[in-house]
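The values are calculated or read from the model by the stated rules, or taken from the named source; none is laboratory data. Not measured: the values here are computed from a predicted model. Cβ coordinates were reconstructed from backbone atoms using ideal geometry, including for glycine residues, and neighbour counts include every protein chain displayed. Protein only, heavy atoms only, side chains kept; ligands, DNA and RNA dropped before computing areas. Shrake-Rupley method; radii C 1.70, N 1.55, O 1.52, S 1.80 Å.
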Amino acid sequence: MWNELSGIWQAAFREAWEAFVQGSPPIGAVLCGSDGRIIMCEHNRNNEPHILNKRLAHAEAGILRRLDTSEYDPKKLVLYSTMEPCPMCMGTIIMSNIKRVHYAAADSYCGMTHLTRTEPYYSSKNVSCLHEGGEPEKFQLTMQAYYELRNIEQGAGSCVFDKFREHCPSAAETAVRLFAERWLDKAADSRTDVSEVYDHIMNG
């Protein structure tokens, strides 16, 4: 439940929920020092009007572009993301010299952390990627699956949703139930706090 999450994951999911409220893919990222102090937070901004190239407005890439490397040594920082980084974000992580990544949910559609084990250049950078799983993964994939159901309703294909359902059936089933009632849309419209949304999903 929400109160059992660390402050870092609460901050990351608060960002992910803000992205959902704004109509963007619900992904949040937090950059921390090695002592656990939060330095910066960011979320996907694909649907925000001031963004020029909406396809590139991802949380992880965005937060690293804002990092002042004259003040912080990237090698000593830890990046937390609610979703496994995509090809662009994983590349940005590697080129930024971030060495530790924690992600709540595996992205079975376009997650790229496997490159740190299988691609020679990536593996030479010695980046550690830790998958959180458990409740945080179910919450993230429920939001993601719900977002994909919106896209399917508007005529998109179902390949992304199908991948999420294959990886985490319970999240997909929860998303289908919530989507039938438009529960997350109503919660977003009423600005329901993410803590209530999290506990509602975890309570089934």
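Annotations for the structure displayed:
- Taking GluC sites (Glu not before Pro) across the stretch 20-116, the ones in a DSSP loop with at most 12 further Cβ atoms lying within 10 angstrom of their Cβ are Glu71.
- 14 Å beta-carbon shell around Glu60, net charge (K/R +1, D/E -1): 0
- Fully extending the segment from Ala156 to Met95 would add 18.7 nm, taking 0.36 nm per residue of separation and subtracting the current Cα-Cα distance.
- Counting only lysines at least 8 places from Lys75 when in the same chain, those with an alpha carbon closer than 16 Å to its own are Lys99, Lys125.
- Charge context of Ile98, other residues only, Cβ under 11 angstrom, K/R +1, D/E -1: +3
- The listed peptides 157-164, 186-193, ordered by packing as a protection proxy, come out as 157-164, 186-193 (highest mean of other Cβ atoms within 10 Å first).
- With contacts taken as Cα pairs under 8 Å and at least 6 residues apart, the chain reaches a relative contact order of 17 percent.
- Compactness of the stretch 1-118 was expressed as the Cα radius of gyration divided by 2.2 N^0.38 Å, which yields 1.00.
- Diffusion coefficient of the stretch 117-204 by Stokes-Einstein, Kirkwood radius over Cα pairs, 20 °C, 1.002 mPa s: 148 µm²/s.
- Database remark: amide H of Ala104 closer than 5 angstrom to the amide H of Ser81, Thr82, Met83, Glu132 (H placed geometrically; neighbours at sequence offset of 5 or more, or on other chains; Pro and chain starts carry no H).
- 11 Å beta-carbon shell around Glu173, net charge (K/R +1, D/E -1): +3
- The residue among Pro169, Gln144, Cys110 whose Cα reaches farthest toward the positive pole of the charge dipole of the stretch 96-204, with charges on the beta-carbon of Lys, Arg, Asp and Glu, is Cys110.
- Modelled label reach - Asn126, point 7 Å along Cα→Cβ, the stretch 78-118 residues with backbone N closer than 19 Å: 78-79, 93-102, 115-118
- Kirkwood-based shape ratio for the stretch 128-177, expressed as Rg/Rh from alpha carbons: 1.02
- On the chain, 48 percent of the accessible area sits on carbon and sulfur atoms, based on a 1.4 Å probe.
- Three-way shape call for the chain based on the alpha-carbon gyration tensor, with the a/c threshold at 1.5: prolate
- Working note: Karplus 6.51/-1.76/1.60 with θ = phi - 60° gives the stretch 77-89 the couplings 9, 10, 9, 10, 9, 6, 9, 3, x, 7, x, 5, 5 Hz, where Gly and Pro are set to x.
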